[in-house]
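Below: one structure, written as structure tokens.
The values are calculated or read from the model by the stated rules, or taken from the named source; none is laboratory data. Bear in mind that the values here come from a model prediction, so they are computed numbers and not experimental data. Note that we place each Cβ from the backbone using ideal geometry, even for glycine, and neighbour counts take in every protein chain shown. Accessible surface areas use protein heavy atoms only, side chains included; no ligands, DNA or RNA. Shrake-Rupley method; radii C 1.70, N 1.55, O 1.52, S 1.80 Å.
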Amino acid sequence: MSPDGQADGQGGGGGEGDGRAGGRGNGQAAGRPAGRPTATAIFIGHFAMPRGSGFGRHWHTFHQLAWATKGLLRVSSERGAWLLPPSLALWIPAGLPHATEAEGDAVMRSPYIDPAASRGIEWTEPTVVSVGPLLRALIDHLVRTDLAPDARSRAEAVLLDALHPVPVTSVSVTEPRDPRTRTVARALAEHPADGRPLAEWGTEVGASARTLARLFVAETGLAFGQWREQLRMRAAMPLLAEGLTTEAVARRVGYASASSFVAAFRRVVGVTPRQYFPVRG
């Protein structure tokens, strides 16, 4: 059974989905996740998500804590985009449209939280939280269906107390609309280590460096150098999640040294690669 698949994949009010990982959701998810015991404030959805599977744009009447016990999740909304390793989860407020996708094979274990039970948490925006041993254990504990009501209620309260935000910034990469800048953007998405300046790209796509620079700012909201740095960080995250060394990732996304890559990662994301992807024993 895939409770979260039901919640993510089945859309009400015009939504469309088949309830499986890989289903499409275009509307409101079920108000009460399928299989949720009526007396609980927190329900844990658990299911496997093969590489590339996911749920399209949808929303929930419950708050969701998007978390993968294994693999890497991508969650995107109009508020930003996040890549989430097992060390991090994303609080998604009830009613916020979003999409979820597996970057590589993932196992999602996602708490759904009744808004009436979380009045002490005033997070109206997507919020990244750390997932340490305590929060992991509580999520695993609440998967059980044999807990006495009082024991379950206590565990749910501790889980809410264990949610601690971390200063991680969304890494969004907007694709430009103009055919010339879009050609540059797609080429860099394929080869993020390409360090050619805009003048060289201009020769290739038929525009001056000044025109390309103006278009990048107008269409993405970022100067070309800032946009490329965001792109490189997005490309680096799946590599780091796979366990590649910082030195190897730095080379593959266009940095001359591990130290320059770490500095850029911290500047863009808000924490170091080791803090984002801690080594697990």
- So, in the range 94-115, of the ones that are at pLDDT 90 or above and among the acidic types (D, E), which residue ends up least open to solvent (accessible area, probe 1.4 Å)? D114
- Any hit, the range 61-77, residues being open to solvent by 20 Å² or more (accessible area, probe 1.4 Å), under 16 Å from V131 (Cα atoms) and among the polar types (S, T, N, Q): yes
- Query: Residue check: is T174 part of a loop (DSSP other than H, G, I, E, B) and either under 30 Å from A256 (Cα atoms) or at pLDDT 95 or above (or both)?
  - Reply: yes
- Being open to solvent by less than 60 Å² (accessible area, probe 1.4 Å), assigned to a loop (DSSP other than H, G, I, E, B) and either closer than 21 Å to W82 by Cα or touching a Pro at 6+ places or on another chain (Cβ under 6 Å) (or both) is the filter here, so list the residues in the range 124-155 that pass it. P126, V131, G132
- Message: Quick test for you: out of A185, A155, pick the one residue that is in contact with a Leu (Cβ under 9 Å, 6 or more places away or on another chain) and closer than 30 Å to R252 by Cα.
- Response: A185
- Query: Of everything in the range 258-281 that's in contact (Cβ under 8 Å) with a residue 24 or more places away in the chain and hydrophobic (A, V, I, L, M, F, W, C), which residue is nearest to E103 (Cα to Cα)?
  - Reply: F277
- Elements of type helices (runs of 4 or more DSSP H) in the range 177-281, at least 1 residues being open to solvent by less than 40 Å² (accessible area, probe 1.4 Å) and at pLDDT 95 or above: 179-190, 198-205, 209-220, 224-241, 246-253, 258-269
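Residue by residue through the range 46-74, note down the ones that are closer than 19 Å to A137 by Cβ and at pLDDT 90 or above. Spell out the reasoning first.
Step one: filter the range 46-74 for residues closer than 19 Å to A137 by Cβ, giving 46, 65-70.
If the condition is that a residue be closer than 19 Å to A137 by Cβ and at pLDDT 90 or above, then L65, A66, W67, A68, T69 are the ones that fit.
For the range 153-181, how many residues are small (G, A, S) and free of Cβ contacts under 8 Å to residues at least 12 places away in the same chain? First the steps, then the outcome.
Step one: of the range 153-181, the residues small (G, A, S) are 153, 155, 157, 162, 170, 172.
Next, only the ones that are free of Cβ contacts under 8 Å to residues at least 12 places away in the same chain stay: 157.
The qualifying residues number 1.
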- Message: Pull out all pairs, ordered by first then second residue, where Cβ-Cβ is under 6 Å, the residues are six or more apart or on different chains, the first lies in the range 75-92 and is more than 15 Å from V171 (Cβ to Cβ), and the second is modelled with pLDDT under 90.
- Response: S87/P278
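In this structure, is S118 more than 19 Å from V271 (Cβ to Cβ) and either in contact with a helix residue (DSSP H, G or I) (Cβ under 9 Å, 6 or more places away or on another chain) or among the acidic types (D, E) (or both)?
In short, yes.
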- Note on the structure: Listed by first then second residue, the pairs whose first member lies in the range 208-224 and is in contact (Cβ under 8 Å) with a residue 40 or more places away in the chain, whose partner is among the aromatic types (F, W, Y) and surrounded by 15 or more Cβ atoms within 10 Å (Cβ to Cβ), with beta carbons under 6 Å and at least 6 positions apart or on separate chains, are F216/F224; F216/W227; T220/W227
- Message: Looking for something open to solvent by 50 Å² or more (accessible area, probe 1.4 Å), of a type in the set (S, T, Y) and over 30 Å from Q226 (Cβ atoms) - is there at least one such residue anywhere in the range 156-169?
- Response: no
- Task: Output the residue which, of all residues in the range 43-60 that are of a type in the set (G, A, S) and more than 26 Å from W123 (Cα to Cα), is surrounded by the most Cβ atoms within 10 Å (Cβ to Cβ).
- Result: S53
- Query: Within the range 162-170, can one find any residue that is in a helix (DSSP H, G or I) and not polar (S, T, N, Q)?
  - Reply: no
- Within the set of pairs 6 or more residues apart or between chains, which connect a residue that is over 16 Å from R228 (Cα atoms) inside the range 244-257 to a residue that is of a type in the set (K, R) and part of a helix (DSSP H, G or I) with Cβ atoms less than 8 Å apart? L244/R252; T246/R274
